[in-house]
Structures are given as C-alpha cells and as structure tokens.
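Worksheet: the structure to be examined is printed underneath.
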2 protein chains.
Amino acid sequence: NRGPINKGELWVNFLSCHKTQQSLLSSASGYSNYRGVLNWCVVMLVLSNARLFLENLLRYGILVDPIQVISLFLNDPYSWPAACLVIGRFNVKTLAVPLCLSLSAQGSFTELVGFLVHCTNMAVMLTFPAAVVLLVPSVTPVGGVFVLGTYTILFLKLYSYKDVNMWCRELSTVKAKKLARSLSCPSGQTLNGGDRQVCYPGNLTIRDMYYFVFAPTLCYELNFPRSPNIRMSFLLRRLFEMVRKYLIFLLSFHQWMIPIIQSSMKPLEDMDLSRMTERLLRLAVPNHLMWLMFFYWFFHSSLNFTAELLRFGDRQFYKDWWNSESVTYFWQNWNIPVHKWCLRHFYKPLLRRGFSKKVSQSAVFFLSAFFHEYLVSVPLRMFRLWAFMGMMAQLPLAWFVGHFLRGNYGNAAVWISIIIGQPFAVLMYVHDYYVLHYRQEAD
Amino acid sequence: NRGPINKGELWVNFLSCHKTQQSLLSSASGYSNYRGVLNWCVVMLVLSNARLFLENLLRYGILVDPIQVISLFLNDPYSWPAACLVIGRFNVKTLAVPLCLSLSAQGSFTELVGFLVHCTNMAVMLTFPAAVVLLVPSVTPVGGVFVLGTYTILFLKLYSYKDVNMWCRELSTVKAKKLARSLSCPSGQTLNGGDRQVCYPGNLTIRDMYYFVFAPTLCYELNFPRSPNIRMSFLLRRLFEMVRKYLIFLLSFHQWMIPIIQSSMKPLEDMDLSRMTERLLRLAVPNHLMWLMFFYWFFHSSLNFTAELLRFGDRQFYKDWWNSESVTYFWQNWNIPVHKWCLRHFYKPLLRRGFSKKVSQSAVFFLSAFFHEYLVSVPLRMFRLWAFMGMMAQLPLAWFVGHFLRGNYGNAAVWISIIIGQPFAVLMYVHDYYVLHYRQEAD
C-alpha cells in the first residue's frame, strides 16, 4: 500500500496544489451565496442592543415605577374622567344609532331627517370628547389619546354601519320595484357554523350593533364570517403575548425613551444641529422597536384575542408590509381595518362620484393626516401641524420611492422613512410640549 | 352602466367584505416570506452605527494624528530596527536555502547534514527575530508584530520549499531505480501562457526562490499556475481598495477603539464585572468591524494585488467562511494559504505516520495556537497565554457547536465566537500590558 507507485501518485497530488481560480469576492467569480450575512446582521443587532441595555442599566439604574405608570393615565387617581367618558357616552351614542335606523327602516323618518340626525350624532361624537379633553384639566395626554382613539374607532364603525344600512335600504327599494331576487341575503339557510344568515332589516338589533362595535373590524357587514368555536389555547397564548408585550413596552418606555427624550431637551433648545441629529438617531432605535412592539401587541395579539373571543372569522388585520417596496404598498398593508374602511367608505365613493384616482388617493391621505393630527394635538392641547405634515409628506415620498427606487432599495427606503420619520415627529412634539409647559414654570 | 343590476352586484361586493382567514404571523397561516427583514437589519445596523459615529465625533473630536501613526512602528523615528531586521536577515536566510538545496541536489551533502543545516536555519529564523524584538528597546509592539509575522511567513514558506524538494529528490531516486516515467514533471512542453514547465532540480534557482517568497501562497510548487497577463484595471482597483481600507482602518482604530480601551482600564482594574461586560460588548463592534476590514484588506485586496502583479493564477485565498455552520469549517476556510500549508505539511504527514484524525487535528490547533502566542507575546514582551488558550478553546467549542447546533444556529454560534472571543483576548492583553507598563510608572 505504501509502494513507490502509490507514493508517486501521492507526490503528484502534493506537488501541484494550486490551480487557476478567482477569489470569491471578485466579481469574476460569479459567487453570490451570502446567507451567513443575515445571521451576522442578527447577531450584531442583538449584541449592540445588549450593550445598550447594559449601559442604560448601569447609567440610570431601574427607572420603572408602578405608581408613575398609573399616573400616566390620571392626574388624580380618584377621578377617572377618561374612563367615565368612554363608558358613559359610548353607550348613549351606540344606542342612538340602531334606534334611528330602525325608525328609518320602518319609514317613520324621511331620508333627509335621518341624514340630519346621523350627521349631528357623528359631529357630536368627534367634537364632544375633544372638548372634554381640552377643557377638563385632569385628563392626561395618554388618557386623552385613549379616549379620542376609542371615539375615532366608534366614529368610523358607525359611519360604516349607516352606509351599509343605507345601501341595503336602497337595494330593498330597488328590489321592491323590480321584484329582483334577494341580493342582500342570498340564502336563508343556516351556515355550517350553525349561525343563521340575517337579512335587512332583521339586522337592526342592539345585539347585532354591539357585536359590530366590539368586533375587530371597522367595516359593517350583515353576516360576518364566524369561526366554529373558541380555541382556548390560542386565546391564552394571545393573552399571554398581550400582557408580556405590554410590560416590555412600559419597561422600554421608562427605561430607554424617557432618558433620551430628557437629554434631548438641551440640544433642541439650543438648536445644536449635530447634537440634535445624534439624539434623533439615538431615539430612532427604541422608538422603532416600541412601534414594532405596539404593532405586534395591537394588530396581532389584541385583535386576534378579541376575534377569537367573539368567534370573528376574518383575521386579516395586516398583510406583509415588511416586504413593501413602495410607500403606497406599506400604507395599504400595515393597517388592514383602516385601509379597508378607507377603500370602502371613502376612496370608492369618491371614484364613483367621478374624482380621479390621484385626487381620491390624496384625499385618503388627507383624511388620515387629519385623524393623526386630531389624535395628537387635542390630547396635548397644542396645535402644531407636525403629525399632519408627516402624513402629507408621505405623498411626495411615495412619488419619489415609486419612481426612483425598486426592489430592495425601495424596501430599505420604506424602512428608513418608518425608522427616522416617526422619532422626528415625536421629538418635535416633545420639544414644543416641553417649551410650553416646563420653561414657563422655570421662568 | 349605473343601472340597478350593476348597482346590485356592486352592493353584494360591498356587503360582504370579510372572509375567514388567519393572520400572517399566526403559525396556522403557513406564511414565511420575511425578505424585508434582511433589509430591516441592514438599515438598523447602518443607522445605529451612524449614531455611534456621530456620538464619538461629538465626544472626542478628531483624534487621528499622522505623527502618532508613524510612532506606532517606531519609538525613535531615525532608527528603523524593524525594517532593517526584515530586509537584512530576510535576504541572508532566503539565499542560504537554495544554496543548501542545490548542494544536496548535486549530492555534495549527505541527507543528514542537509537536514541538520536546514533545522539550524529554521530554528534561527524563529528565535533570532524574537530575541531582537525582546532585547532591542526601540522596537515597538506594532513593529514587532510586523517583523515576527514576516519571519513566520518566511519560515512556513521555506519549510514547504524544503519538503517539496525533498519529495522531488526521493522521487528522482525512485525513478532512477525503477526507470518510471517522470512524475514530477509530466510534460516538457510549454503551457498556453508561454511559460516552460520546470523539472527538479532545474527549479533550484534564486529567481524561482524569490518568486515563491513573494508569491501569495505558503505551499511551494515547481510550476505554479500563471495568469496570462497583468490586468491593469484589476491591479489599480485592488490598490485603491488597499489604500482606502488602510486609511479607514487607522481612522477606526484611533477614533473608535483607543477611547474604548482607555475607558476600559478603570473597570478592569477594579474587576467590576458588569462594567467590564459593557466595555467588552462596546469593544466587540469596532474590533469585529476592524477584523473584517483587515480580512478584506489582506486576503482580498493585498493578496490579489500581489498575485496580479506576479501573474500568480490561484486566487483562492479564502472560501465562504461567512456561511460556516461549524467552527471547524470556519478555520478550514477563512485562511486558505495557512490551511493548505497545515494540511500538506503537517496534518497529512501526521496521518501518514499513523496518528489518528483527532490527534492530528488537535496538533494543528496546537501549532496554530503556538504561532498566535508567538506573534503576540514576543512583541508585547509579556508571556500570558491568552492567545494560546483562545486558540485551544476552539477545540471544545468546535465539539460543542458540531454536536448541538445545526444550520443557522451553528452559523450564529460561529459569528458570536468571532465577535466576542477576539475582543475578550484583546482586553486581556491590553489590561496586562497597561498594568505592567503604566501602573509601574504611576507608582
């Protein structure tokens, strides 16, 4: 086995140990497998943030205080204006709507009177809580956002409820004239889930109304798809996620964002540009992570929890916005309930009235910008237009990204606009709030 | 077009706008396209590091000083001991070897005398520069690493040169006995590049020796594969990369690593564990990025530049170590010249002498650990075993990763060991060096 011929072959193998070839990183090699780079990115991110976490803990100690968390919602823990406002008015408003609608279904109201009552109700729903938040001093900003958010959701839901019932009424009038078959209620038989299909005006019950108010959607439908039963394990997992994410969220906010925001006040006051940029980038990471946590907490855990509890079948609360290669795709996919509402009750009606696609799209962004501003300015009692401008700036940004960037570059541009844009607006508001409230006290 | 039937169809479309479906992030959805997450990682890394860069600049200003850069290599700028040592001894050593070998080829030396002369030469090559670095006080640590690195490379090259020529000599003896065909020189015709093939002992020229000494490989071969011509654009691009990477490297070192190392001294002295961990993680990022830069600078730019200049055909200086899923794969692929040398002149000879694979592999790690320690301890004039232990720790680590982690987890483990392991050893040496030199002065 170790004879001279074998040795000779072995030697030839030894003697030529090089062959002509290119380095892998040279473009000539045609090599493109950088799978490991993704792992590298993840490891680097985890390590960098572990370092930041440790540095933060060493510098500030533990900052979270359970009492302080409660006082975010209330100035005076014994009066609960925000909660009372939500519960009390909520029920009054909600009850008013099916009452009106069943009256109009019975023909007691003319179309015009019904329309006027509806408009008054809707207008009051937006203005009354705003007035309370502005005028009652014990409502804190966080409590205010909570109240106004709830009322905005209710506003959108009732708008949809009224629209759908109006369409049904129109349809039943048409049917009565043409004797067409029942389009609004294709078949009276039971579904496989055992739920009976409901026809207009059989849907105008308080029970149906309340189901819609609590269901995780903004678009009313007479017969929602229902899941066959409540899966307890799914429910508990979502509940566990909700609690865990909520705690991490609070912890990050107090431990991470508050110190950065506080340390940003001085550079912001002095308008020190390079330090402001540094603070902005420093704020961007926790702000973005908290936004991601909020997204997961609200759109995945909470809405799925509610849907499971109510046996609501349609769980599409978001699509794959993380892959979006254009700003438009992002806005169409990250918040499906609002997107669906805008499409069904705002964009398509505008198109039907003869507006062009571009105008209608801009109008949707304008509406969204209005509600963003409404949800921020009123609770802060401070009318700057940063949130409004932030939303409206999406239009030129969408145009730019759509025209000049494709594929991964477009995706990266969307991520950058999310990561940088938000903390920019946050810093603006915080700065103005600080100047308005604390510098006055200091003077 | 807007007749009642069309309207009816439109309405049905409106009336049912939900369908039963799962959220994308639920495991039941079977969705797995997270392409955008890679872009997110890249954006987050760039932004985090932009922030660190800006913070560093604001805190320390610009720290790079061209004079200080030169003084890294020299204490006294008018005596160049390191450079003289390299140039002078280098030539003496290099010339001695082909002389000895041509003498032995002519049969003037017996095999034993030749072996003894070779051993003496090799031993002197490792010990003499080490002695100079240890004893001449004007050699700085960086200069020392440079000198010892050069001599280590020369040592490995000459070891290979001697081995290959010995094999050729043995082969020619066998051939003379058996009249076998010339295996060491399969064909005398010219290659397509126009270079003539060389046969033993025709290779024993000073020109051939010097080509091998400067060629970017550690394994000698009689007829290296040659590229047909020098591509000027390739050469200039590599040169530009070399200069650029070198400048970025120096900048990062002074601006980023030195402040962190300096600020780590206090926690290290006090043995404050949590602060030490924080400094370690803080050091890990620049250290790792600089290692990556060094890798690219040396293994891609510099070696390709040299290879192009010498028309050396084999450009495989590294393989795809970034995808390595085990520690062994990493060590086999990140430094191909050394790996090839170890395989050809150390691992396979050990196997042929009857050692098992495991023992031979451990021996390779031991040799590597020895040279790591040699290249660090001697220039620092400080015999700690951190580098040696760092290399030897790869053996249990390789066993652990190989047995318990697969795929992406294995890859992540390799990355973590690279990112964390190196700065750990660096901090250890820096701490000991600091305690030895600066605390003595302070006392």
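List of remarks:
- Per-pair calculated FRET efficiency, R0 = 25 Å: A:Q262 and A:L58 via Cβ, rounded to 0.05: 0.90
- Modelled label positions at A:L25 and B:T20, each set 7 Å beyond Cα in the direction of Cβ, lie 5.5 nm from each other.
- Sorted from shortest to longest, the distances between the B:A123 label points of this copy and the other copies are 10.5 nm, with each point 7 Å from Cα along the line through the beta carbon.
- In this assembly of identical copies, the label point of B:I206 (Cα plus 7 Å along Cα-to-Cβ) is separated from its counterparts by 11.0 nm, sorted shortest first.
- Summary for A:T306: label point 7 Å along Cα→Cβ; distances to the equivalent points in the other copies, ascending, 6.7 nm.
- Note, ³J(HN,Hα) from phi for segment A:126-138, Karplus 6.51, -1.76, 1.60, rounded to Hz, x at Gly and Pro: 7, 8, 4, x, 4, 5, 4, 4, 6, 9, 7, x, 7
- Rounded to the nearest Hz, the phi-derived 3J(HN,Hα) couplings of segment B:247-257 under the Karplus curve 6.51 cos²θ - 1.76 cosθ + 1.60 (θ = phi - 60°) are 5, 4, 4, 4, 4, 4, 4, 6, 7, 10, 7, where x marks glycine and proline.
- Computed over all pairs of different Cα atoms, the Kirkwood value for the hydrodynamic radius of segment A:326-422 is 14.4 Å.
- Backbone geometry of segment B:323-330 corresponds, through the Karplus equation with coefficients 6.51, -1.76 and 1.60 at θ = phi - 60°, to 3J(HN,Hα) couplings of 9, 5, 9, 9, 4, 4, 4, 4 Hz, x marking Gly and Pro.
- For the residues of B:307-319, the average number of beta carbons from a partner chain within 10 Å of their own beta carbon is 3.
- When chain A is turned onto chain B, the axis of that turn runs closest to one Cβ of chain A, and that residue with its distance in whole Å is A:C41, 2.
The numbers here are math on the coordinates, done by the rules we state, and not lab data. These figures come from a predicted structure and were not determined experimentally. Ideal geometry is used to build each Cβ from the backbone, glycine not excepted, and the neighbour counts take in all protein chains shown.
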